[in-house]
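The values are calculated or read from the model by the stated rules, or taken from the named source; none is laboratory data. Keep in mind that what you see is a predicted model, and the values were worked out from it rather than measured. Heads up, the Cβs are rebuilt from the backbone with ideal geometry, glycines too, and the neighbour counts pull from every protein chain shown.
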Ligand SMILES: CC(C)(COP(=O)(O)OP(=O)(O)OC[C@H]1O[C@@H](n2cnc3c(N)ncnc32)[C@H](O)[C@@H]1OP(=O)(O)O)[C@@H](O)C(=O)NCCC(=O)NCCS
């Protein structure tokens with residue numbers, strides 16, 4: 001196995017997770033229009049590292065061509081997508097999560113539910129030692145989503161933001177298995 005490959009893959013290709021309001025399912029080709037509508041918004045793209053802005057049809061098609069890899073899930077609500085999330089196993093036993101929600105759907109608890117489901121699922125695999133996440137320091141809402149789940153700050157760095165075309169101060173966070181168990185044990 002090459003160095004660049006994770007030593008395990010957390011999710012099977014078709015795996016679906018359920019939260020109280022959402023279904024986290026694989027992306028499908030038919031999601032192209034929704035992706036454009038939801039991501040081609042500055043307030044969404046500019047808070048992520050990798051989303052380009054403007055976000056065009058060719059960006060959406062290129063993304064959908066790649067997502068057969070089991071690293072991304074769409075957030076489906078009432079049968080249409082409202083956002084997305086990603087989960088990247090690392091060779092060290094760490095697991096990195098990310099999420100975004102389309103602006104019309106903010107403040108309904110979607111990101112919190114999504115992140116909680118990813119945490120549960122990641123730690124269900126005994127090999128997961130810790131989960132990492134992060135947020136741009138000018139995005140405190142995302143910071144609070146992580147904080148409420150028990151993530152702790154571990155350091156700051158400059159991360160390149162594709163939409164802004166510059167580096168942005170970024171707070172890295174982590175949730176170790178021990179911290180998670182301490183929160184979830186009776
Ligand atoms: C940051 C982001 C993911 C938050 O998504 P969200 O679905 O709105 O998050 P939640 O609804 O779980 O929580 C957001 C706030 O809504 C509140 N909320 C949740 N459900 C609510 C409800 N039913 N009514 C009112 N408020 C509610 C939460 O308490 C939280 O409040 P706080 O910010 O004061 O702590 C979203 O704004 C986003 O995608 N932004 C652009 C991309 C991005 O930032 N991605 C994350 C990169 S790290």
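To keep it simple, each residue is scored yes or no on (1) buried (at least 19 other Cβ atoms within 10 Å of the Cβ); (2) away from the ligand (no atom under 13 Å from the Cβ); (3) without any contact (Cβ under 8 Å) to a residue 12 or more places away in the chain.
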position: 20; (1), (2), (3): no, no, no
position: 25; (1), (2), (3): no, yes, no
position: 32; (1), (2), (3): no, yes, no
position: 40; (1), (2), (3): no, no, no
position: 45; (1), (2), (3): yes, no, no
position: 52; (1), (2), (3): no, yes, no
position: 60; (1), (2), (3): yes, yes, no
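Within the stretch 133-142, the presence of at least one residue that is on the phi < 0 side of the Ramachandran plot, part of a helix (DSSP H, G or I) and within 6 Å of the ligand (Cβ to nearest atom) is confirmed. Scanning the stretch 105-117 turns up no residue that is closer than 22 Å to residue 51 by Cβ, more than 10 Å from the ligand (Cβ to nearest atom), in contact with a helix residue (DSSP H, G or I) (Cβ under 6 Å, 6 or more places away or on another chain) and modelled with pLDDT of 95 or more. Does residue 82 qualify as being within 9 Å of the ligand (Cβ to nearest atom), in contact (Cβ under 8 Å) with a residue 60 or more places away in the chain and buried (at least 20 other Cβ atoms within 10 Å of the Cβ)? Spelling it out, residue 82 is indeed within 9 Å of the ligand (Cβ to nearest atom), in contact (Cβ under 8 Å) with a residue 60 or more places away in the chain and buried (at least 20 other Cβ atoms within 10 Å of the Cβ). Just the residues that are surrounded by fewer than 19 Cβ atoms within 10 Å (Cβ to Cβ), touching a helix residue (DSSP H, G or I) at 6+ places or on another chain (Cβ under 7 Å) and at pLDDT below 95, please, taken from the stretch 126-168. Within the stretch 126-168, just 129 meets the criteria. Here residue 128 passes the criteria (1) in a loop (DSSP other than H, G, I, E, B); (2) within 11 Å of the ligand (Cβ to nearest atom); (3) touching a residue at least 40 places away in the same chain (Cβ under 8 Å) except the one numbered (2). Against the condition in contact with a helix residue (DSSP H, G or I) (Cβ under 7 Å, 6 or more places away or on another chain) and either away from the ligand (no atom under 11 Å from the Cβ) or at pLDDT 95 or above (or both), how does residue 67 come out, does it pass? For residue 67, the condition - in contact with a helix residue (DSSP H, G or I) (Cβ under 7 Å, 6 or more places away or on another chain) and either away from the ligand (no atom under 11 Å from the Cβ) or at pLDDT 95 or above (or both) - is not met.
Can you name the residue in the stretch 88-125 that is under 19 Å from residue 179 (Cα atoms) and without any contact (Cβ under 8 Å) to a residue 12 or more places away in the chain and is also surrounded by the most Cβ atoms within 10 Å (Cβ to Cβ) among such residues? This residue is 120. Residues that are under 27 Å from residue 41 (Cβ atoms) and either without any contact (Cβ under 8 Å) to a residue 12 or more places away in the chain or part of a strand (DSSP E or B) (or both) within the stretch 148-164 comprise 156, 157, 158, 159, 160, 161, listed in sequence order. Within the stretch 166-186, the presence of a residue that is over 20 Å from residue 25 (Cβ atoms), within 12 Å of the ligand (Cβ to nearest atom) and part of a loop (DSSP other than H, G, I, E, B) is excluded.
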